[in-house]
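Student: Sharing a structure with you now.
Nothing in this text is a laboratory measurement; each read-out follows from the coordinates by a stated rule. Computed from a prediction, not measured in an experiment: that's the story for all the values here. As a convention, Cβ positions derive from the backbone with ideal geometry for all residues, glycine included, and neighbour counts pool all protein chains shown.
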Amino acid sequence: MVPGPEETSSTVAPPSPSAAPPSPSPFTGTVTIRDFSFEPADFTLGPGTAVTVTNTGTTAHTLTAQDGTFDTGPIAPGGSATLTAPTQPGGYSYLCTFHHFMRGILTVA
């Protein structure tokens, strides 16, 4: 015998809530300038967080926000400077003012 519509039941599970995408982990290392590149070029810091920028290259460099929000000033070969992230969340494009092709993005989150 085939059950009729009144004899069947189906259970539909409610949709499970989707988890929010994980926020990027704040960077806790040192930004290293190697010759003509930043490592890492793109990184995330918490608002007002400080990070060390070390120049292991053979010429002076800067890590300067394109909008002027932050600037390490010239960092001599073998030298380092402290960069403090802005307090306003968002993405900040930066470059070396001596070598404009050296670029990256600091995300404040």
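Student: Taking the simple approach of a point 7 Å from Cα along Cα-to-Cβ for both residue 109 and residue 67, what is their distance in nm?
Tutor: Spacing of the two 7 Å Cα→Cβ label points: 1.8 nm.
Student: Want the number for residue 100 to residue 80: 0.36 nm per residue separation, take away the alpha-carbon distance, what's left?
Tutor: Between residue 100 and residue 80, full extension yields an extra 5.2 nm.
Student: Considering only DSSP states other than H, G, I, E and B, which chymotrypsin sites (Phe, Trp or Tyr not before Pro) in the range 25-109 qualify as loop sites with at most 10 other Cβ atoms within 10 Å?
Tutor: Of the chymotrypsin sites (Phe, Trp or Tyr not before Pro), the ones in loops of the range 25-109 whose Cβ has at most 10 other Cβ atoms within 10 Å are 101.
Student: For the range 26-108, what class follows from the C-alpha gyration tensor (a ≥ b ≥ c being the square roots of its eigenvalues): rounded when a/c is under 1.5, otherwise prolate if a/b is larger than b/c, else oblate?
Tutor: The shape class here is prolate.
Student: Full-extension gain between residue 28 and residue 42, please, as 0.36 nm times their residue separation minus the C-alpha to C-alpha distance.
Tutor: Full extension of this stretch gives 3.7 nm more.
Student: Over the range 26-108, what is the percentage of antiparallel beta bridges among all DSSP beta bridges, to the nearest 5? Don't skip to the answer; put the middle values down first.
Tutor: Numbers: 18 of 26 bridges.
Within the range 26-108, antiparallel bridges account for around 70 percent of the total.
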